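Single-structure report; data block below.
The values are calculated or read from the model by the stated rules, or taken from the named source; none is laboratory data. Everything quoted here is computed from the prediction, not taken from an experiment. Cβ atoms come from the backbone with ideal geometry, glycine included; neighbour counts cover every protein chain shown. Just so you know, the surface numbers come from the protein's heavy atoms only, side chains and all, with ligands and any DNA or RNA stripped out. Shrake-Rupley method; radii C 1.70, N 1.55, O 1.52, S 1.80 Å.
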Amino acid sequence: MLDILEPGQHKKRLAVGIDLGTTNSLISYVKDGVHKVVTAENGKRLVPSALALVEGQVVVGAKAVETGKALRSVKRLIGKTLQDEDVQKFQQDCPYTISNEDLLKIDLDGENISVIEASAYILKELKTLAEADLNQPVLEAVITVPAYFNDAQRQATKDAAELVGLNVLRLINEPTAAALAYGLDKKAQGTYVIYDLGGGTFDISVLKLTEGVFKVVATLGDTELGGDDFDRIISKKLGCSITVAKQIKERLSSGDTEELTEAEWQMLAEPLLGKTISMLQEVLEDAELDVEDVDGIVMVGGSTRMPIVRNAIERYFGQKPLTDINPDEVVAQGAALQAQALSGGSREDMLLLDVTPLSLGLETMGGLVEKVIERNTPIPISRAQEFTTFKDGQTAMTIHVLQGERETVEECRSLAKFTLKGIPPMVAGEARIMVVYSVDADGILKVKALEKTTGTEAEIEVKPSYGLSPEKMVDMLKASVLHAKDDVEERMLREARLELSRAIEAAKSAFSADKELLEIEKQKVLASAIETAEQGLKHTDKDMVDACLSQLEKDFEEFAEARVNAALKKTMVGKNIDEVQNGESV
Amino acid sequence: MNHCWNCKGSFEKASVFCPTCGAICGAYSGDYFELFGLEADVNVDVMALETAYLDLQKKTHPDHFALKSLTEQMQAIEFTALLNLAYETLQSPLKTAVYLLKQQGIDALPERGGDTPPQLMMKSFEMHECLDDIESLEALRAYKKQIEAEEKELIEALAADIRNASFAQAVEKTVELKFMATFFKELRIKQKKLKHA
């Protein structure tokens, strides 16, 4: 049989929706106006997000779970590094070793796979299932991510899809997808809160729906909170395994159990429920809304089946939450609807306006973060900021981009650090450096820096990987991560040098002000100590630079003491001891 | 003169879509008010802004270009980024005032910040004292209402100044409006504290 296709007259391709979940994943599509979730070989619609190695082959889903030693919840690792606290926590419960050779890697019984590859295996399994079901290749998808996913996590998710030949039409936030599913079915109008408690993540979004436009006005989430935590507290309380705890949790949904009464369960789960409620409060405050302004609450994620969760929500809002659509499938359904809309079956009047989930900022003096794009700003967005040099003849400037809500660099996530070189030497304050940040509709960031008087340019940009072979892409990924590692080392060296040069400056000015406190011989010793320290700035090893700093401090110890004493003497001249002791002269 | 990246044609009046070939042109050359078809004023017709914004989004959002060429996608991203910025600006009277003054070549809120006028300084002291003395949520709500009314008056006066081209006064009022915006943040923090107490 031959399929003859004219260019530009392709058979209408079907785009799918994928809910790539922490615990389970789903793939679904809309065909002839009907939404269908694809079933796996075992007849189930939920494919466990689990991997295992069987006879040298990576298997995914129920088959992996059957091995009893499946790698699970890799989504918790995506876009992260070994240094991340939650990666270390993950390692404690994981039967496999995680390493950080280049990309974050997992040793799956000798097969070393990256986290992106692990996600790609799951996506490939889903894609294969859908292709078998549809009897045609699946090339385009809308994939959902938690609203709270940062730039790195979004990019890694997109990379995983590209690895298995899926063109991502759009990444959409899971809660938004859920609202799409509900909104289109019911043509809802008003303000809605999406409460999404999945296996491993928790998200809240506030959406305003008007005339087919879905506007996300605020989002908040916790990538480390989910139904698994409820299993864990039961297991901890009763000293049973997680599997047994899960069964007890399910039985608790229909009343008291032998192990726990409903009332005890309520007490036990209170801290977790309280955490979600206080986040609800916060997100409503962000959106400048009161509880009464909310027209409905959409429940998403298997964990919202728990009556204690539903009751807590009902108590807080004073109304019953919406639970009509299967909470396990509602996200995939929204993704499938969006996929259909984007692949040409678009309804002109349907539109999804999204916001940035986290603020983007820039490191400023003293390790502080200045926000450039506040969270909950509609995307795509582009912002420009102008900076100048602060030293005469300065030819380079480091631009450090961070993501998060906190004030200091340490508490935010570093997204990119790059140096704009080749600024022509000018008087301090004369160069005009324009930094442009753009976030696209997927929430992925690009930063560009430009010196305006000469047009010197530097750019950090995650290029679209269309047309690249998977090998090339993996290489590219490796290269970028390796590069990032170099960056960390370079940064530490740079900081050490900065500290040393500050100490040298301080030593110099103290020396030139008060050298007469010392004998000529000692003056010579200190002058040469400064010279040695200046040579030390050239070291390319951070530890050597640090050693020079301690040496300089040691050399100047005695002199510093002499200066303090001299200064004290000065303040005491003409005063009696009593006054000074009372601290009145200070 | 505007140039279309697609058909290379040129057109005089600022337009989101090329009048000749209909391609989306990211580099819109008009100002924010022109974009939404609104009158240039600090007091923006909020309903009209919302309608015009959604209408433009429906035509230009990158989602509608998901299957189009990469160039078209980039043009759509460029335009909607501008659209979102314009929308955000006109939604806020403070940002709108800064924008209008900038059109006059005036930087109302310079980066380094000028000296705070003594009058505003006094007002700030008084308002902070009032805030410190408040101990109940009801009192805070009442105080917030009062400040909101004052803010509204200030916006009206600022709008009039700009209409009358009294730019020096407009700058002063813009600085005051900025101070009030910061004060509202403090109000919210206090509100949070009282709620949790």
Given the conditions (1) within 14 Å of chain B (Cβ to nearest Cβ); (2) farther than 23 Å from A:VAL145 by Cα; (3) part of a helix (DSSP H, G or I); (4) of a type outside the set (Phe, Trp, Tyr), every one holds for A:GLU288 apart from (3)
Matching residues, segment B:85-131, being of a type in the set (Phe, Trp, Tyr) and open to solvent by 60 Å² or more (accessible area, probe 1.4 Å)
B:PHE125
Give the residue that is farthest from A:PRO380 (Cα to Cα), with candidates limited to residues of segment A:433-443 that are within 11 Å of another protein chain (Cβ to nearest Cβ) and in a loop (DSSP other than H, G, I, E, B).
A:ASP442
From (1) of a type in the set (S, T, N, Q); (2) within 21 Å of A:SER28 (Cα to Cα); (3) in a helix (DSSP H, G or I), pick out the condition that doesn't hold for A:THR144.
(3)
For segment A:421-432, does any single residue satisfy the condition of being modelled with pLDDT under 80, outside the structural domain of A:ALA161 (by TED's automatic domain parsing), surrounded by 13 or more Cβ atoms within 10 Å (Cβ to Cβ) and not in a loop (DSSP other than H, G, I, E, B)?
no
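Checking the conditions here, which among A:VAL145, A:VAL115 is closer than 22 Å to A:ALA339 by Cα and in contact (Cβ under 8 Å) with a residue 12 or more places away in the chain? If you could, list the steps in order and put the result at the bottom.
Numbers: A:VAL115 fails: closer than 22 Å to A:ALA339 by Cα.
Every option except A:VAL145 fails the conditions.
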Residues of segment B:148-197 classified as among the acidic types (Asp, Glu), surrounded by 19 or more Cβ atoms within 10 Å (Cβ to Cβ) and in contact with a Pro (Cβ under 7 Å, 6 or more places away or on another chain), total:
0
Considering (1) among the acidic types (Asp, Glu); (2) assigned to a helix (DSSP H, G or I); (3) modelled with pLDDT under 80, say which one A:ASP514 fails and leave the rest.
(3)
Quick one: which strands (runs of 3 or more DSSP E) lie wholly within segment A:151-238 and hold at least 3 residues that are modelled with pLDDT of 85 or more and in contact with a strand residue (DSSP E or B) (Cβ under 9 Å, 6 or more places away or on another chain)?
A:167-173, A:190-197, A:202-210
Among strands (runs of 3 or more DSSP E) lying entirely in segment A:354-399, which contain 2 or more residues that are touching a Phe, Trp or Tyr at 6+ places or on another chain (Cβ under 8 Å)?
A:368-373, A:381-387
In the set A:VAL213, A:VAL217, A:VAL283, the lone residue that is within 14 Å of chain B (Cβ to nearest Cβ), more than 28 Å from A:PHE90 (Cβ to Cβ) and open to solvent by less than 10 Å² (accessible area, probe 1.4 Å) is A:VAL213
So, in segment A:333-353, of the ones that are more than 10 Å from chain B (Cβ to nearest Cβ) and modelled with pLDDT under 80, which residue ends up least open to solvent (accessible area, probe 1.4 Å)?
A:GLY345
Kindly indicate whether any position in segment A:401-408 is in contact (Cβ under 8 Å) with a residue 12 or more places away in the chain, surrounded by fewer than 18 Cβ atoms within 10 Å (Cβ to Cβ) and touching a helix residue (DSSP H, G or I) at 6+ places or on another chain (Cβ under 7 Å).
yes
Select from segment A:354-387 the residues that are more than 14 Å from chain B (Cβ to nearest Cβ), farther than 30 Å from A:MET426 by Cα and open to solvent by 40 Å² or more (accessible area, probe 1.4 Å) and list them in ascending order.
none
If A:THR243 passes every condition in (1) within 30 Å of A:ALA120 (Cα to Cα); (2) open to solvent by less than 40 Å² (accessible area, probe 1.4 Å); (3) assigned to a helix (DSSP H, G or I); (4) among the β-branched types (Val, Ile, Thr) but one, which one does it miss?
(2)
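Picking from A:LYS80, A:LYS127, which residue would you name as being among the basic types (Lys, Arg) and either modelled with pLDDT of 80 or more or in contact with a Cys (Cβ under 7 Å, 6 or more places away or on another chain) (or both)?
A:LYS127
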Criterion first (open to solvent by less than 50 Å² (accessible area, probe 1.4 Å) and outside the structural domain of A:LEU26 (by TED's automatic domain parsing)) does A:VAL330 satisfy it?
no
For segment A:294-309, which positions are outside any loop (DSSP other than H, G, I, E, B) and open to solvent by 70 Å² or more (accessible area, probe 1.4 Å)?
A:ARG305
Any residue in segment A:97-107 that is among the hydroxyl-bearing types (Ser, Thr, Tyr) and either free of Cβ contacts under 8 Å to residues at least 40 places away in the same chain or open to solvent by 30 Å² or more (accessible area, probe 1.4 Å) (or both)?
yes
Qualifying position, being within 14 Å of another protein chain (Cβ to nearest Cβ), surrounded by 23 or more Cβ atoms within 10 Å (Cβ to Cβ) and in contact (Cβ under 8 Å) with a residue 60 or more places away in the chain, among A:ALA177, A:ALA160, A:ALA181:
A:ALA177
